[in-house]
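Engineer: Dumping the structure here so I can ask a few things about it.
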Number of protein chains: 2
Amino acid sequence: MYVERIPRLESSTFDLDQVMAPDARIIIDHVEPVIDGGRYAVKATIGSPLTVQADIFADGHEMLAATVVLQCEESRLVTREQMVRTENDRYVAELDIQQEGAHTFHIEAWIDVYGGFVRDTQRKREAGQSLALELQEGRGLVAQAREKTSGCVREALDALLNGFEALDDGDRIHLLTADETRQMMRAVEHRLFLTQSRPQRIEAERTAASFASWYELFPRSQSPQRGRHGTLRDVIAQLPRIRAMGFDVLYMTPIHPIGHTNRKGPNNALASGPNDPGSTYAIGSQDGGHDAIHPELGTISDFRDLVSAARAHGMELALDFAAQMSPDHPWLEQHPHWFPRRPDGSRKYAENPPKKYEDIVNPDFYSDPKLWLAFRDVLLFWAEQGVRTFRVDNPHTKPIPFWEWIIAEIKAAFPDTIFLSEAFTRPARMMHLAKVGFSQSYTYFTWRNTKAELTEYLTELAANPLRYYFRPNFFVNTPDINPPFLQTGGRPAFLIRAALAATSSGLWGMYSGFEICEAAPLPGREEYADSEKYQIRQRRYDTPDNIAGEITQLNMLRRLEPALQSHLGITFHNAFNDNILYYAKTAPDREDRILVAINLDPSCAHECDFEVPMWDWGLPDEGTVDVEDLLHGDAFSWHGKLQRLRLEPSQPYAIWRCWPRQETA
Amino acid sequence: MYVERIPRLESSTFDLDQVMAPDARIIIDHVEPVIDGGRYAVKATIGSPLTVQADIFADGHEMLAATVVLQCEESRLVTREQMVRTENDRYVAELDIQQEGAHTFHIEAWIDVYGGFVRDTQRKREAGQSLALELQEGRGLVAQAREKTSGCVREALDALLNGFEALDDGDRIHLLTADETRQMMRAVEHRLFLTQSRPQRIEAERTAASFASWYELFPRSQSPQRGRHGTLRDVIAQLPRIRAMGFDVLYMTPIHPIGHTNRKGPNNALASGPNDPGSTYAIGSQDGGHDAIHPELGTISDFRDLVSAARAHGMELALDFAAQMSPDHPWLEQHPHWFPRRPDGSRKYAENPPKKYEDIVNPDFYSDPKLWLAFRDVLLFWAEQGVRTFRVDNPHTKPIPFWEWIIAEIKAAFPDTIFLSEAFTRPARMMHLAKVGFSQSYTYFTWRNTKAELTEYLTELAANPLRYYFRPNFFVNTPDINPPFLQTGGRPAFLIRAALAATSSGLWGMYSGFEICEAAPLPGREEYADSEKYQIRQRRYDTPDNIAGEITQLNMLRRLEPALQSHLGITFHNAFNDNILYYAKTAPDREDRILVAINLDPSCAHECDFEVPMWDWGLPDEGTVDVEDLLHGDAFSWHGKLQRLRLEPSQPYAIWRCWPRQETA
């Protein structure tokens, strides 16, 4: 059991200089937000405060001070925000980020020697203990600080020390412990045992990264003339209708030339006829690739006009970026080594055995860095045409480092660019793509229908760590997803899903046809019958049952109420009926609450008691709140915590703004 | 809006070689256990499996493979454990650590090309697709692997390839997709896009680090003769009694010479009489410091005899390490610069204003590295005397880096040393001391009394991340803590707390007097009246109401049932009475459950229905389980999920072992 040679006083197995380094004494732990130790950026939105928190502590009873240091990468501007101690050892500060782009923050903490002296002296005075030595100590601390300063600060400390001499002991203590003295000392004092947390990156984006309403369409279907292929100019004609519904982003499926080899026919048929337009995702033909426009849609000049027209309507365009090719894409000729082949020399088509995608070829991303640069140049080209939002198709089937790199490249040139990830895949991959840089992401929202499912999912999205990097965009439908709930629920189902998406998330979207309650499926599938992915579908939007009015009202409320501009700040409250989901939304620094109740059952009316969150305002259960019915505009009061509601399928949701009754004194 | 010069195909803002590095493609995320990115060690116990998990994923549909690589720092021995994919992208493996001391693990993941080939080929075969090209591809992969091997592996692959030629196509596919072929290829194949997670440290400790029952006493009180100062030899005489109760660790408060300056009198009085023994924590006098024994207790030879005697009884000694001094400690003379002074040159006593500790002096830990080495040498000295467990007094008032360093230093020489942290402080500090190396920790257990409090606290301790570094030692009382629950609850309260501690935690402890239900307080305080900290207290243990029998039975059950040897594996189940706490404990790889029900109200009997966790074994609600009453030894069966219990104050707990009825076929 005995070890022969034990080290003694002179030696240590470890480097004591390092162990005893001053910056090792104070611990900064559980910093929030931090993503993977700072490896990935926290997402912030201009205008929304970012709360930074940490456990900060050391040994003993010393008083600590802490600051968050924020640096903007572009301007190198540094700002400091003093942290405030809350419960236990938790320190908190709010960052107000003003500029788009990359930032970093770190925390600095140190022993606040003078603050501790003031605290201890005050405690001793309250306990009636002698303060003779404290007088000497305090004066000594000020004198010591004076030595290291110069200019006007030194003069101020000199004045303090001179004044000190003239006072009696009681006033001396008052002077030493005065707030102004303490503030002055905090500014000049040597920061003992100063330590810094590891820097954490922040990516600050413009408002539309976290708050926007999206509308998706196929340009080729927008012709008003039956049988004529739609054009970009036809899209321009649709702008007023779409804007009138309150949408901010017009997202177009790919507008590039479509391949001919193995072109798909209607309903994904393997064979196509001569007039079948093919899948817009089979990108590339003799007419060009990702940087070309399908000739039938128009020209680059038409495109520029569309960009301008959208902007004139207060909207922006989102382009679809699908990093894949039809077998006729020019790059297959120009860069054959980018594309894998089978052992017999034939082209390798996209597949997920046993499924095959014969009209699509995937490049080998690790064949050549030039491939990455070529895709980067495609995005730069469209950015130069004025596009600042890209919806990315299936990013989970391309290398994750590719996305981290290409998003950084584009943002380096165009910092206001927004990327939406369409990664309908398993959670780890979906979330990780957000981590590496996507501004926003499609979600599982489409498949969350019950009160329990929605509560769990919305709670998860609004919690640490997802809240710091994953911004959900709640699409109610897409060309790929015709949810069973809509297939069977009729008009009330469309109202339910629109209200859910529009009130629970800062970002929501719909694919055209939703506003006229289109839901005819391929039998037994989540696909639309006669899917627009493979054929042109012209629509009349003025159907009698359309819900454009309701969508317009929801989008208007979103503009008016900051609480509806984020998926954060959500709290689920009690509504005593499993069919009724009921939640409150809160905006930072706002006292009012937006209350939303939704009947999740499209087939019949439900009613129940529900709880008004009186406790949020410190009101008793029998308190009174003022209420505004945001759908009908009338104002009234609720007396008492328990209220009753009834929601009919024809109007399956209620939205109120609610705040404590102001007593007139 | 236009940026003038956009980079084009030839250039990238970022280093593409690095971005496209093969080890950047696969993501290993959410590794568990990881503590602060690997900065601190995960605690493991020899004989208990350590489960390693991670999300592992890449783009596309490639098949991945992953391994955990474990390395022992001392022996450099490396073992590999293949990870198994579970839900979604979660991979899991169990590590079985055999040797004490420092280890590291990391995860390796790569694209399992051949595994993916086998999977896809099987899917295509099931779908009836042509496999002509797959035959060529598979043969090519084997031939390619053969090129890089030699010796018997190459021979085996040669044999496979030769055999292949002789087969028809159907058998060729069978050969290529056979399990043995796949295993062989896994062993030899180039690991494409190999990536490694950051190494995570593990500190493996012996069983007693996580499973032991502690008994605390003051040696000076152990004399059987009224009025005589107790000695280490008196402690030897107590060993049979303590061991008979089933305790493993005998923890003695400090045994060092006690200072005279400002010595405290009974009940912490500022003045002491000539016969007052003083606080054992005022360490050091003219008789020596931390490496000396208080003369009235005996000699170093007596101490060695005590170490041997404890070992002979199957117990071990724990010494108290308090890194503080009385004003008479020899170091004050020898190293005056280690000790801070007031501005008037006087000694600075320990204080936490307005509280003062006049009999204690704290050194300035940042005055001199020699101070750290001196404390290290103290611990090495006692380790050389055979001590392998140290209970550390108030570690939160000494620098955290000091503990990280001194624990590492001692373990470098004596890897089997165990440190218990007595940090009754705020959560962040308490937990962080465990992170930096303490094997086990005192807790808030003493102040958790209700069903809700206990459920919440035990759940938190057993969850990630605490489960990986914080081992709770549930002391039911200490010389400093005489809990109100015990002061007012009488004998039933002692039984309740003993049963709670002994069945919910692998580590529990009591301070002598608990077994005879001592609880007289200083009025209105958590302190004992006539606290043993300041005076000698001789006790009779054969009181009529003592609970030694119950303690003995609890400690015996802990030895018999692996589920009771850890605070992990706890699940709270329904007992429909707020006074009755009811939980199941599970040991790894065991099918049975230990069920514990405790009436938390010492003042009256409670009864209720409770749920037998039939679902744990996949049994229906009306299933049958066999039960052993571990307190009374009788065996019976429960039919049906809902059973009823009643617990009297005289026997406020029940403990059953329970397993599914084995049907005879």
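Engineer: Take each of the peptides B:645-653, A:315-323, average the number of other beta-carbon atoms within 10 Å over its residues, and list them starting from the highest.
Structural biologist: The peptides rank, most packed first, as A:315-323, B:645-653.
Engineer: Another question, then. Could you state the number of Å between the C-alpha centres of segment A:556-572 and segment A:117-182?
Structural biologist: Their Cα centres are 50 Å away from one another.
Engineer: Between segment B:601-634 and segment A:436-493, what is the C-alpha centre distance in whole Å?
Structural biologist: 42 Å
Engineer: Take every Cα-Cα distance within segment A:215-330, group them into 10 Å bins from 0 onward, and report for each bin the whole-number percent of pairs it holds.
Structural biologist: Taking every Cα pair in segment A:215-330, the percentages come to 14, 43, 32, 10, 0.
Engineer: Take the Cα gyration tensor of segment A:116-206, multiply each eigenvalue by 5, square-root it, and list the three semi-axes largest first, rounded to whole angstrom.
Structural biologist: The three semi-axes for segment A:116-206 are 31, 18, 12 Å.
Engineer: Further, regarding this structure: Rounded to whole Hz and in sequence order, give me ³J(HN,Hα) for segment A:488-493 from the Karplus expression 6.51 cos²θ - 1.76 cosθ + 1.60, θ = phi - 60°, writing x for Gly and Pro.
Structural biologist: My calculation for segment A:488-493 gives 10, x, x, 3, x, 4 Hz in order.
Engineer: Let me ask something additional. Straight-line reach from A:K641: which lysines have Cα under 19 Å away, leaving out those fewer than 8 places along the same chain?
Structural biologist: A:K585
Engineer: Fully extended, how many nm does the chain gain between A:Q487 and A:H335 (0.36 nm per residue separation, minus their Cα-Cα distance)?
Structural biologist: 50.3 nm
Engineer: What list of ³J(HN,Hα) couplings, whole Hz, do you get for segment B:600-608 from phi and the Karplus terms 6.51, -1.76, 1.60, once you set θ to phi - 60° and write x for glycine and proline?
Structural biologist: Karplus-based 3J(HN,Hα) across segment B:600-608 equals 7, 9, x, 8, 7, 6, 9, 9, 5 Hz.
Engineer: Taking only C-alpha pairs under 8 Å that are 6+ residues apart, what is the relative contact order of chain B in percent? Intermediate results must be reported in sequence, preceding the final value.
Structural biologist: Working: 1290 pairs, mean separation 68.2, N = 665.
It comes to 10 percent, rounded to a whole number.
Engineer: Next question, about the same structure. Would you mind checking which residues have amide H under 5 Å from A:G509's amide H? H placed 1.01 Å from N; only 5 or more apart, or other chain.
Structural biologist: Correct list: A:W214, A:F474, A:F475, A:V476.
Engineer: I've got another one for you. In what order do B:E351, B:E460 fall by count of nearby beta-carbon atoms within 10 Å, going from fewest to most?
Structural biologist: Final ranking by Cβ density, sparse to dense: B:E460, B:E351.
Engineer: On to the next question. Sorted by mean Cβ packing within 10 Å, highest first, what order do the peptides A:304-311, A:326-333 take?
Structural biologist: Put in order of decreasing packing, that is A:326-333, A:304-311.
Engineer: Distance from the Cα centre of segment A:645-661 to that of segment A:217-250, in angstrom?
Structural biologist: Cα centroid of segment A:645-661 versus Cα centroid of segment A:217-250: 34 Å apart.
Engineer: With unit charges on the beta carbon (Lys/Arg positive, Asp/Glu negative), name the residue among A:Q98, A:G490, A:P199 whose Cα is farthest towards the positive pole of the charge dipole of chain A.
Structural biologist: Positive-end residue among those listed: A:G490.
Engineer: Right, something else. Summarise the long-distance tail of P(r) for segment B:383-468 by giving the % of C-alpha pairs beyond 15 Å.
Structural biologist: 61 percent
Engineer: Hey, can you rank A:287-295, A:225-233, A:468-476 by average C-beta count inside 10 Å, highest first? Working shown, then result.
Structural biologist: Values: A:287-295: 18.3, A:225-233: 15.4, A:468-476: 24.9.
In descending order of packing, they fall as A:468-476, A:287-295, A:225-233.
Engineer: Let me ask another. Taking H as built 1.01 Å from N, whose amide H comes closer than 5 Å to the amide H of A:H256, not counting residues under 5 places away?
Structural biologist: Distant-sequence amide H within range of A:H256: A:H294.
Engineer: To check my understanding: the extent here is largest minus smallest coordinate of the Cα atoms along each principal axis. What are those three numbers for the protein assembly as shown, in Å, largest first?
Structural biologist: Projected onto the principal axes, the Cα atoms of the protein assembly as shown cover 112, 91, 63 Å.
Engineer: Over the Cα atoms of segment B:430-497, what is the Rg over Rh ratio if Rh follows Kirkwood?
Structural biologist: 1.01
Engineer: Pairs of Cα atoms under 8 Å, at least six residues apart: use those to get the relative contact order of segment A:242-364, whole percent.
Structural biologist: Relative contact order of segment A:242-364: 29 percent.
Engineer: Moving on. For segment B:131-183, what's the radius of gyration and Dmax over Cα atoms, in angstrom?
Structural biologist: 10.6, 32
Engineer: Okay, moving on. Could you give the dipole magnitude of segment B:505-598 about its Cα centre, charging the beta-carbon of Lys and Arg +1 and that of Asp and Glu -1, in debye to the nearest 20?
Structural biologist: 180 debye
Engineer: Here is a follow-up. Of A:K370/A:K398; A:K356/A:K398; A:K356/B:K124; A:K124/B:K533, which ones are farther than 22 Å apart at the Cα?
Structural biologist: Flagged as over cut-off: A:K124/B:K533.
Engineer: Next question. Tell me which of A:Q440, A:L466, A:L454 sits at the most positive position along the dipole axis of segment A:432-474, charges placed on C-beta atoms (Lys, Arg +1; Asp, Glu -1).
Structural biologist: Value computed over the given set: A:Q440.
Engineer: Can you give the helix-only mean residue ellipticity at 222 nm for chain A, where every DSSP H stretch with n ≥ 4 adds -39500 (n - 2.57) and the sum goes over all residues, rounded to the nearest 500 deg cm²/dmol?
Structural biologist: -8500 deg cm²/dmol
Engineer: What residues have an amide H closer than 5 Å to that of A:T261, excluding those fewer than 5 places away on the same chain, when H is modeled at 1.01 Å from N in the peptide plane?
Structural biologist: A:D328
Engineer: Size of the dipole of segment A:285-442 about the Cα centre, Lys and Arg at +1 and Asp and Glu at -1 on the beta carbon, nothing else charged, in debye to 20? Could you put the intermediate results ahead of the total?
Structural biologist: Values: 17 positive and 22 negative charges, 146 e Å.
With only Lys, Arg, Asp and Glu charged at Cβ, the dipole is about 700 debye.
Engineer: Set Lys and Arg Cβ to +1 and Asp and Glu Cβ to -1, take the dipole of chain B about its Cα centre, and tell me which of B:A208, B:Y583, B:G138 lies farthest positive.
Structural biologist: Value: B:A208.
Engineer: Quick one: net charge of A:G298's neighbours, Cβ under 10 Å, K/R +1, D/E -1?
Structural biologist: -3
Engineer: Over chain B, what lengths in whole Å, largest first, do the semi-axes of the equivalent ellipsoid take, defined as the square roots of 5 times the eigenvalues of the alpha-carbon gyration tensor? Working shown, then result.
Structural biologist: Numbers: eigenvalues 629, 242, 101 Å².
Semi-axes from the Cα gyration tensor: 56, 35, 22 Å.
Engineer: What are the ³J(HN,Hα) couplings of segment A:621-629, residue after residue, when phi is run through the Karplus curve with 6.51, -1.76, 1.60 and θ = phi - 60°? Round to Hz, x for glycine and proline.
Structural biologist: In residue order, the calculated couplings are 4, 9, x, 10, 10, 8, 9, 10, 7 Hz.
Engineer: Taking the label point as lying 7 angstrom from Cα along the Cα-to-Cβ axis, what are the distances from B:A271 to the corresponding position in the remaining copies, in ascending order and in nanometres?
Structural biologist: Inter-copy label distances (nm, one decimal, shortest first): 11.5.
Engineer: Loop only by DSSP, 16 or fewer other Cβ within 10 Å of the Cβ. Give me the trypsin sites (Lys or Arg not before Pro) in segment A:14-100 that pass, ordered by residue number.
Structural biologist: In loop regions of segment A:14-100 (DSSP not H, G, I, E or B), the sparsely surrounded trypsin sites (Lys or Arg not before Pro) are A:R39, A:R76.
Values quoted throughout were computed directly from the atomic coordinates according to the rules given, and no laboratory measurement underlies them. A quick note: this is a predicted structure, and the numbers were derived from the prediction, not measured. Don't worry about glycine lacking a Cβ; one is built from the backbone with ideal geometry, like all the others, and counts go over all protein chains shown.
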